[in-house]
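**Q** Here's a structure for you.
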Amino acid sequence: MENLESSIRDIARKLLSDKKVDLIIGYEQGTLPLRTTPCFVDKVEDVQKLVWNASCDANLSKYLVDRKEKVGVVAKGCDARSIAVCIVEKQIPRENVVIIGVPCLGVIDRKKVEAKLGGKEVLESIVEGEQIRVKGEGFEFVLPKKDFLCDSCLTCRHRNPPIYDVFVGEKVPETPEVNEFAEVSDLESKSVEERWAHFKEELSKCIRCYACRNVCPLCYCKMCFVDQTMPAWFGKTNDLSDTMIYHIVRAFHVAGRCVDCGACSRACPMDINLRELVKKTEKIMKERYDYESGLSLEEVPPLGEFKMDDSQEFIK
Amino acid sequence: MKWKVLEKSKIPVLIEELTREYEVFAPVKKNSLVSFERVSSGNEIYLGFQNTKKPPKEVFFPQTEILFTYRVGKKGVEIEEHPAPRRKRVLLGVRSCDARSFVLLDKVFSSGEYKDLYYLEKRKNTTIVGLACNHPLSTCFCTSMGGSPFGKEGVDLLLQELNGKYLLEAVTERGMELIEKFPWLMDAEKGDIEKAKRLFEDAERAIRSKVSVEGVSEKLDRMFDDPMWDQIHQKCVGCAVCTYLCPTCCCFDILDEGTNEGKRVRIWDTCQSPLFTLEGSGHNPRPSGKERMRQRIMHKFDYVVKNFGEGFCVGCGRCIRECPVNLDIREIVKKISTWQV
């Protein structure tokens, strides 16, 4: 991991000094344990701030849309895929971005760590190989990292960025056999009433902060349906019905495009499981079109075109 | 006698007796979240938290509040007012930082000629039972912002957690009145009061996060056009987490929902949204995240200092812990206080 970090700094240094990019977007140390924060470097000497570790969770492709400068961006597998989606959707000119692809074995879910510690605050954390050492007032625990990874990472099948300009380090083994839709199948097996009750309960916690939408790299619309008036599609209060409309419609807007980076669930201050509804749409895309988003810069996404042999069994 | 003790095991009894006369709001734990809800029994409440996710401002200033309902009928527009409830309430389990936030919010809602009765009526009818903080978090910096872990500003009755019991200290007459409703409460002993004092000193020492706001307001006056703002906002994604979870943020929007029949509602708003200053003409004086971040900082640490005499931050640390990108307001204030303009 240390080699990857110094490689990233070397690559960034070279890109900036060769003037291949005007700006590098990466991660730097956060102000809290288990956190990093997005870092914008335009001077060669600031390249030292860049870090790479298991807390590099943010999807930095969020910061690429609407930029005039050439940007070098540190991208994990999921991040690179969302960049690809934005390139295909013509939101990022390909020539304006240098993708610094980094293989990723998963990022730590600090909410899982907090839950395990039952409210005790982590004051210091160190990742030691496959373990996380957490220290706080009167305690020190060693936790197995694999049990505290983000849910989206547990079923990741694209640890190596499928699209990149520079690849940092060596490729890591993939796990193509993992069943990423186990959670969805579980929900599918429940009755309509049970599912509705489940979503009502989860979404009743929502405070309409739109952190989920704002961290999502695919939510780049200048006029989001949420903010539209004339017509206003739904209400702005935290009425449950309006709140559910927001989440359901956003799920449809990212359907066929979402790469399951998990940024939405991580951002939610109310700990809502935001991934599960969209994950269902991903399953449909896989089953119906054998499609996964963000793996190709040439392929037209199935929801962006119509083929004569597309199944139409739902038209009766 | 303003000092009493309450055995932890007797809390359900206290709450049960309170609910006979008051509407009681207290922290309730549901999965990972602790928030203030209306309770009807002592078994529902949870006091083992550091601080609640959402601040208690929503008890006086709900996220959605109906101001009035209307109907366009044959005789014209019929309006039905929805005045604030006048029932007596107790809000229990409020940390000192959050209690202090009420004192700051009072200044906004009762300033000048217009009194916000929706907020003020609820405030007037509520007794605040505070919960002193034995174990501040690393993100707490109340002592830098005019507060303290055992602070009594905004508190009527302060609970201080000793071993197995709470020391109750009546701070105001209202707190005293509340104590007197429970004649079965035991008088505190000198030892209890001294123990609480030591815990207070330990808690104050435990606050490691220090943020100096000295001179920040004056410095900000000269920094409106400073290039610093170009860098500071970059990672902000413009959501509403910091503003909604902030105990002293109280900007709101007013909307009518429903054409021929509906309601006028007040809802929380956020200066971080591009819509906040979007004018009817289409012009937006705060067109990008840079202007909006500048606004947030200047409002909290400069404009309100001029309007009300103090900054609108109680050092609770929620914005720091919950920001999706770990944008840390302490870093910004530190940067400003040492900035060469």
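The values are calculated or read from the model by the stated rules, or taken from the named source; none is laboratory data. Model, not experiment: these values are computed from the prediction. Note: ideal-geometry Cβ built from the backbone for every residue, glycine included; neighbour counts use all protein chains shown. To get the accessible areas, we keep the full protein, side chains included, count just its heavy atoms, and leave off ligands, DNA and RNA. Shrake-Rupley method; radii C 1.70, N 1.55, O 1.52, S 1.80 Å.
**Q** Reachable lysines from residue B:122, Cα under 19 Å, same-chain residues fewer than 8 places away excluded?
**A** By straight Cα distance, residue B:122 reaches B:54, B:57, B:88, B:107.
**Q** Under a 1.4 Å probe, what is the accessible area of the protein assembly as shown per residue, stated in Å²?
**A** Numbers: 30830 Å² over 657 residues.
Dividing the accessible area of the protein assembly as shown by its residue count gives 47 Å².
**Q** Got a sec? What order do A:14, A:283 fall in by accessible area at 1.4 Å, biggest, i.e. largest, first?
**A** A:14, A:283
**Q** Report the relative contact order of chain B, percent, no decimals, based on alpha-carbon pairs under 8 angstrom and at least 6 residues apart.
**A** Details: 623 pairs, mean separation 68.5, N = 341.
Reported relative contact order: 20 percent.
**Q** Using a 1.4 Å probe on protein heavy atoms, which residues of the stretch B:203-232 have at least 10 Å² less accessible area in the complex than alone?
**A** Residues shielded by partner chains are B:208.
**Q** What's the center-to-center distance, using Cα atoms, between the stretch B:180-220 and the stretch A:39-57 in Å?
**A** Cα centroid of the stretch B:180-220 versus Cα centroid of the stretch A:39-57: 40 Å apart.
**Q** The stretch B:30-167: Rg/Rh from Cα coordinates, Kirkwood Rh? Walk me through the numbers on the way to the answer.
**A** On the way: Rg = 18.0 Å, Rh = 17.0 Å.
Reported Rg/Rh (Cα atoms, Kirkwood Rh): 1.06.
**Q** Restricting attention to the alpha-carbon atoms of the protein assembly as shown, what are Rg (one decimal) and Dmax (integer), both in Å?
**A** Rg, Dmax (Cα atoms, Å): 26.3, 86.
**Q** By how many nm would the segment from residue B:303 to residue B:113 lengthen if fully extended, with 0.36 nm per residue of separation less the alpha-carbon distance?
**A** Between residue B:303 and residue B:113, full extension yields an extra 66.5 nm.
**Q** Any of A:145/A:283; A:49/A:205; A:43/A:135; A:120/A:146; B:8/B:115 with alpha carbons more than 31 Å apart? Name them for me. Don't skip to the answer; put the middle values down first.
**A** Details: A:145/A:283 27 Å; A:49/A:205 37 Å; A:43/A:135 35 Å; A:120/A:146 21 Å; B:8/B:115 40 Å.
In this structure, A:49/A:205; A:43/A:135; B:8/B:115 exceed 31 Å between Cα atoms.
**Q** Below 8 Å, C-alpha to C-alpha, sequence gap of six or more: please give me the relative contact order for chain A in percent.
**A** Answer for chain A is 17 percent.
**Q** Give me the three principal axis extents of the stretch A:159-316 from the C-alpha atoms, as integers in angstrom, largest value leading.
**A** Principal-axis extents of the stretch A:159-316 (Cα, largest first): 48, 45, 35 Å.
**Q** What do you get when you divide the Cα radius of gyration of chain A by 2.2 N^0.38 Å, with N the number of residues?
**A** 1.03
**Q** With every protein chain left in place and a probe of 1.4 Å, what is the accessible surface of residue A:239, to the nearest 10 Å²?
**A** Looks like 70 Å² after rounding.
**Q** Ok, one more. Report the label-to-label distance for residue A:271 and residue B:251 in nanometres (one decimal), using points 7 Å from each Cα along the Cα→Cβ vector.
**A** Placing both labels 7 Å along Cα→Cβ, they lie 3.0 nm apart.
**Q** May I pose another question? Please state the charge dipole magnitude for the stretch B:90-184, taken about the Cα centre, from unit charges on C-beta atoms (+1 on K and R, -1 on D and E), reported in debye and rounded to the nearest 20.
**A** I would put it at about 120 debye.
**Q** Would you mind checking the stretch B:151-177 for residues with the amide N under 17 Å from a putative spin-label position 7 Å along Cα→C-beta of residue B:21?
**A** From the stretch B:151-177, the list is B:156-158, B:169-177.
**Q** Give me the compactness ratio for the stretch A:50-179, meaning the Cα radius of gyration over 2.2 N^0.38 Å.
**A** Scaled against compact globular proteins, the figure is 1.20.
**Q** Tell me, rounded to the nearest percent, the portion of alpha carbon pairs in chain B spaced more than 28 Å apart.
**A** 48
**Q** How large is the charge dipole for the protein assembly as shown, taken about the Cα centre, if only the Cβ atoms of Lys, Arg (+1) and Asp, Glu (-1) carry charge, to the nearest 20 debye?
**A** Dipole magnitude for the protein assembly as shown comes out near 940 debye.
**Q** Determine the share of chain A's accessible area contributed by carbon and sulfur atoms, expressed in whole percent, with a 1.4 angstrom probe.
**A** Working: 8190 of 15210 Å².
It is 54 percent, rounded to a whole number.
**Q** Working with all protein chains in place, sort A:145, B:74, B:53, A:120 by solvent-accessible area computed with a 1.4 Å probe, largest first.
**A** B:74, A:120, B:53, A:145
**Q** Of B:127, B:259, B:19, which has the largest mean-square fluctuation in a 10 Å C-alpha GNM of chain B?
**A** Sorting by GNM fluctuation, first place goes to B:259.
**Q** If a paramagnetic tag sat 7 Å from the Cα of residue A:182 along the Cα-Cβ line, which residues of the stretch A:133-151 would have the backbone N under 20 Å from that point?
**A** Zone members listed by number: A:144-151.
**Q** Still on this structure: Quote the accessible area belonging to residue A:177 in square angstrom, nearest 10, computed with a 1.4 Å probe and with ligands, DNA and RNA left uncounted.
**A** Its accessible surface works out to 140 Å², give or take rounding.
**Q** Follow-up question, since we're still on this one. Top mean-square fluctuation among B:129, B:237, B:171, Gaussian network model of chain B, C-alpha springs under 10 Å?
**A** Greatest mean-square fluctuation among the candidates belongs to B:237.
**Q** Also, quick follow-up: What residue among A:77, A:119, A:256 has the largest mean-square fluctuation in a Gaussian network model of chain A, using Cα springs under 10 Å?
**A** Looking only at A:77, A:119, A:256, the biggest GNM fluctuation is shown by A:119.
**Q** Another one. Run the simple label-point estimate for residue A:287 and residue B:40 please: 7 Å along Cα→C-beta, distance reported in nm.
**A** 4.3
**Q** Distances over 18 Å make up what percent of all Cα-Cα pairs in the stretch B:225-337?
**A** Across the stretch B:225-337, Cα pairs with separations above 18 Å total 56 percent.
**Q** Same structure, new question: How big is the A/B interface in buried accessible area, both sides summed, 1.4 Å probe, to the nearest 100 Å²?
**A** On the way: alone 16720 and 17070 Å², together 30830 Å².
Answer for the A-B pair: about 3000 Å² buried.
**Q** Please arrange B:95, B:286, B:71, B:205 by accessible surface area, largest first, computed with a 1.4 Å probe and ligands excluded.
**A** The residues order as B:205, B:71, B:286, B:95, largest area first.
**Q** For the charge dipole of the protein assembly as shown, defined by +1 on Lys and Arg C-beta atoms and -1 on Asp and Glu C-beta atoms about the Cα centroid, which residue among B:36, A:166, B:61 has the Cα displaced farthest towards the positive pole?
**A** B:61
**Q** Please compute the Kirkwood hydrodynamic radius of the stretch B:249-288 from all pairs of different C-alpha atoms, in Å with one decimal. Before the final figure, lay out the partial values.
**A** Numbers: mean 1/r = 0.0856 Å⁻¹.
When all Cα pairs of the stretch B:249-288 are included, the Kirkwood radius is 11.7 Å.
**Q** Could you list the square roots of 5 times each eigenvalue of the Cα gyration tensor of the stretch A:228-312, that is, the equivalent ellipsoid semi-axes, sorted largest first and rounded to whole Å?
**A** Sorted largest first and rounded, they come to 28, 17, 11 Å.
**Q** Give the calculated FRET efficiency between residue B:222 and residue A:42 to the nearest 0.05, with a Förster radius of 22 Å applied to their Cβ-Cβ distance. List each step's numbers first, then the result.
**A** Working: r = 25 Å, r/R0 = 1.15.
With a Förster radius of 22 Å, E is 0.30.
**Q** Can I ask one more? What percent does the relative contact order of the stretch B:200-341 come to when contacts are Cα pairs within less than 8 Å and at least six residues apart?
**A** Relative contact order here is 34 percent.
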